[in-house]
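The structure appears below as C-alpha cells.
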Amino acid sequence: MRADIRTVTQPDLEEVLVLNESEVPHVGRIDIDRLRWFEEHACYFKVAKDGDRLAGFLIGLRPGTNYASPNYRWFCERYADFGYVDRVAIAAHARRRGLASILYDDFAATLPKSAKLITCEVNIRPSNAQSMRFHTQLGFSRVGTLSSDDDRKQVALLAKHL
C-alpha cells in the first residue's frame, strides 16, 4: 500500500479517535485528552494517510514513560529497553495491504540500537485471532498473560526480537 506516514498533528486527533473507537474491543477505549497526552509523551505517534483519508496509526512508547497501563508496566518490570506498541489501528478501507507491517517497521527503525525488543499485547479474551495471527507472522511470541475486569478480559503479552 502506498501511504504517507508522518508524525501526528493536532488536526489528526479527531480522526484518530474515530478510528480507535471503531476498533474497540480490539483496542482499548480512549478519549481526546489521552490522545493529546500521547501526542506529547509518546516516542512514536504516527498516522498513515491514503490521500486525505486516515488509513491507520500506531502509538509507541519507550521505558520510563509515566504511563499507568498494567500491560506497559508489566514490560517495564521485566525488560530494560524495548519499544512498546500501545495501540495500532488500520481503517477498513486500508486493511490487508501491508500497512500495519509498514508502521511496525517504521517504529522499529526509530528505536535506538539498545532496544532489542518490540512488545505489545493482543486480546485473547475477547479473542482477537486475526491480530494474533498477524503478530505471529511478524515474529512475535508470547512472553506472558495478564487478566483484568474480574478475568473477563485477558491479553497475551508479546515480544519480538530485533
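What is the one condition in (1) among the β-branched types (Val, Ile, Thr); (2) under 26 Å from Phe82 (Cα atoms); (3) part of a helix (DSSP H, G or I) that Val18 does not satisfy?
Here Val18 clears every test but (2).
Listed residues Val88, Val8, Val24; which is in contact (Cβ under 8 Å) with a residue 24 or more places away in the chain and under 16 Å from Val155 (Cβ atoms)?
That would be Val88, the only listed residue that is in contact (Cβ under 8 Å) with a residue 24 or more places away in the chain and under 16 Å from Val155 (Cβ atoms).
What pairs come out if I take residues in region 107-126 that are under 13 Å from Phe75 (Cβ atoms) and pair them with residues that are among the basic types (Lys, Arg) whose C-beta lies under 6 Å away, six or more apart or interchain?
Ile118/Lys160
If I filter region 43-80 down to residues being at pLDDT below 95 and acidic (Asp, Glu), which single residue comes out as nearest to the chain's Cα centre (by Cα)?
In this case the residue turns out to be Asp50.
Out of region 48-71, which residues are surrounded by fewer than 19 Cβ atoms within 10 Å (Cβ to Cβ) and of a type outside the set (S, T, N, Q)?
Listed by number, the residues that qualify are Lys49, Asp50, Gly51, Asp52, Arg53, Arg62, Pro63, Gly64, Tyr67, Ala68, Pro70.
Run Phe45 past the list (1) closer than 23 Å to Ala156 by Cβ; (2) surrounded by 14 or more Cβ atoms within 10 Å (Cβ to Cβ); (3) in contact with a strand residue (DSSP E or B) (Cβ under 7 Å, 6 or more places away or on another chain) and report the number of the one that doesn't hold.
So Phe45 meets the others, but not (1).
The values are calculated or read from the model by the stated rules, or taken from the named source; none is laboratory data. The structure displayed is predicted, hence computed values, not measured ones. Methodologically, a virtual Cβ is constructed for each residue, glycine included, from the backbone with ideal geometry; neighbour enumeration extends over all protein chains shown.
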